[in-house]
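Quick one: structure below, then a few questions.
Computed from the coordinates by the stated procedures, all read-outs in this text should not be read as laboratory data. The structure displayed is predicted, hence computed values, not measured ones. Because the Cβ atoms are built from the backbone with ideal geometry, glycine has one as well, and the counts that use them run over all protein chains shown.
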Amino acid sequence: MRRLVLAAGAALLLAGPALAADPPSVDWSKVDWSKVPAKTITLFWPGQSSYQWLRSSEHKRGDRKVAQGAACLDCHEGEEKDIGEKLVKGDPRIEPAKLGGKPGANDLSIQVAYDAKFAYIRAQWKTQAPRPGVAYPMYRFDGKDWKSYGGPQLDADVQGGKKPAIYEDRFSIMLDDGKVPLFAEQGCWITCHNGLRDMPGEATKEQVTANALLGKELKKSDVRKYIPGTRTDDAATWSATKSKADIDQMMAKGEFLELMQWRAHRSNPVGMADDGYVLEYRNFDAGKNMFSSNMDAATKQPKFMFDAGKAGVKSLRAEDVGKADKPQVLVKGQNDVAFDPNAGWKEGDLLPQYLISRADSTGSAADNANVKGEWKDGTWTVQWARPLNLANPDDKALKDGGVYTFGFAIHDNNITTRGHLVAFPRTVGFGKKADIQAVKLN
Ligand code: HEC
């Protein structure tokens, strides 16, 4: 009996949640994907091909043209698979990591439709693992304290065999409406720089906290994606930051990129994707995300655990991570209960690092409220309804009659930061000619 209940719970998790109650709601039955042509885009492993590397003499015969604003596809059309497979095996210039067995490329199928209210995007790709990547690093009780357990494949401890590889699958969209110079030609690469996490010359916490903008003003301790215009030098060096006033002016002019991520652990269980933007840093939109930390800063203990009555267990063990018959995600109001420090914790007990809540998400950060991913027979299918005509200052409004440049990426099989498979930029047209033509629905 209990088995049955657990299996049903797991099926619900994989099938995605019901979306009925939330305004503005989407009538998915209206979207007939068989009438929307699919475009296949090859995603590939980019290694550490940063903005700075692409303009260096190591990018032979490409560097000068790239600096002059040439499009990657001018020279690399059809080469995605070859580039990815070469780099993922290790490359003396731009791939120091050991990625044994990771594929260098993957096909992404993209369909886009729209009506008066939403753009509908369907993305499909095969996963490397024979299961959906819904697990995320956890907190592990060591007999005394709760410490981080598991990590993405590029983490030094995972590379060194000291931690297991655990991370959520993701599907990301970066887009621009023509306001950010070079995005149409060079796509996501203009946001990828030396100094970022897991990139050459990764900035130390001390360096970042000493930086006038990132450390002193924004209280950051690492460097994440940024657009070149937020820096003062031609090389767009991470530390050569402009002032907060200059950044605010760029923002007001719409000179930033939309960046949204569907997350198999931190957003999909509540039918959402996150909503962010790239300017001087990779920021989240105003409001509150659907995921929040499960660590109580004062007690240094988790805030919530699984409700054993609903989830079957109060916590997991190492062998349960990623298993379909065990809860992988702590969802507020569904399977959570307040953490009980006296619940008889044993060394090796595991609890999630995040609490996921649709009801707690607010504001512009909660715009992607109709996104559902389903993993079946080795393939993720993500259906995403993005509201049109958004008026938030931190969003790029998609409009009927508009053409936009999109960059797509997936994080597959326990990896984060630069460990994604990425696409050269493509245009998407809503009632306008483009690489991907959105189909208008009646
Ligand atoms: C003017 C042509 C040209 C343009 C434009 C260009 N590249 Fe290249 N790129 C090349 C050539 C040629 C090579 C191979 C260099 C070699 O053999 O060492 C290369 C190599 C690479 C490599 C290393 C993989 C390999 O096969 O050695 C990556 C990654 C890459 N380019 C990415 C990009 C990206 C991203 C852009 C756009 C920002 C871009 N390139 C624009 C010509 C170009």
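Please give the length that would be gained between GLU58 and LYS310 if that part of the chain were fully extended, namely 0.36 nm times their separation in residues minus their C-alpha to C-alpha distance (nm, one decimal).
85.1 nm
When Lys and Arg each count +1 and Asp and Glu each count -1, what net charge do the other residues less than 13 Å away from MET251, Cβ to Cβ, add up to?
Overall, the nearby charge balance is -3.
Please say if segment 112-152 is rounded, prolate or oblate, where rounded means a/c under 1.5 for a ≥ b ≥ c the square roots of the C-alpha gyration tensor eigenvalues, and otherwise the choice is prolate for a/b larger than b/c and oblate otherwise?
The shape class here is oblate.
With a sphere of radius 13 Å drawn around the Cβ of ASP177, what net charge do the other residues whose Cβ falls strictly inside it have (Lys, Arg +1; Asp, Glu -1)?
Residues near ASP177 contribute +1 overall.
Between THR40 and GLN68, what FRET efficiency follows from the Cβ-Cβ distance if R0 is 41 Å, with the result rounded to 0.05?
Between THR40 and GLN68 the formula returns 0.85.
Over the chain, with a Gaussian network built from C-alpha contacts below 10 Å, which listed residue (GLN261, GLN128, GLN48) shows the highest mean-square fluctuation?
Top of the fluctuation ranking is GLN128.
Report the label-to-label distance for LYS205 and ALA359 in nanometres (one decimal), using points 7 Å from each Cα along the Cα→Cβ vector.
Rounded to a tenth, the inter-label distance reads 3.6 nm.
Give me the extension gain from LYS242 to ALA324: residue separation times 0.36 nm, minus the current Cα-Cα distance, reported in nm with one decimal.
In short, 24.7 nm is gained.
Compute the Cα gyration tensor for segment 43-196, then decide on rounded, prolate or oblate, letting a ≥ b ≥ c be the square roots of its eigenvalues: rounded whenever a/c is under 1.5, prolate when a/b is larger than b/c in the other cases, and oblate in all that remain.
Oblate, since a/c reaches 1.5 and b/c is not below a/b.
Which of ALA343, ALA324, ALA311 ends up with the largest GNM mean-square fluctuation for the chain, with Cα atoms connected below 10 Å?
ALA343
Right, another one. How many lysine pairs in segment 23-130, separated by 8 or more positions in sequence or lying on different chains, have Cα atoms less than 25 Å apart?
Total qualifying Lys-Lys pairs in segment 23-130 comes to 27.
Excluding ASP360 itself, what net charge comes from residues whose Cβ is under 11 Å from its Cβ, given Lys and Arg +1 and Asp and Glu -1?
Charge balance near ASP360 sits at +3.
Using only Cα atoms and rounding to the nearest 10 degrees, what angle (0 to 90) does helix 2-15 make with the longest principal axis of the chain?
10 degrees
Here's something else I'd like to know. Does a label point 7 Å from the Cα of ASP233, set along Cα-to-beta-carbon, have any residues of segment 43-58 with amide nitrogen under 13 Å, and which are they?
52
Separate question: Helix-only estimate, please: 222 nm mean residue ellipticity of the chain, summing -39500 (n - 2.57) across DSSP H runs of length 4 or more and dividing by its residues, to the nearest 500.
Calculated from helices alone, the mean residue ellipticity at 222 nm is -3500 deg cm²/dmol.
Restrict the search to segment 290-388; then list the GluC sites (Glu not before Pro) that DSSP places in a loop and that have at most 13 other Cβ atoms within 10 Å of their Cβ.
Within segment 290-388, the qualifying GluC sites (Glu not before Pro) (loop, at most 13 other Cβ atoms within 10 Å) are GLU347.
Connecting C-alpha atoms closer than 10 Å in a GNM of the chain, tell me which of VAL112, VAL31, VAL329 has the biggest fluctuation.
Maximum fluctuation in the GNM of the chain, among the listed residues, is at VAL31.
To continue, here is another question. Indicate the gyration tensor shape class of segment 234-305 (rounded, prolate or oblate), computed on the Cα atoms with a ≥ b ≥ c the square roots of the eigenvalues: a/c under 1.5 is rounded; otherwise a/b larger than b/c is prolate and the rest oblate.
prolate
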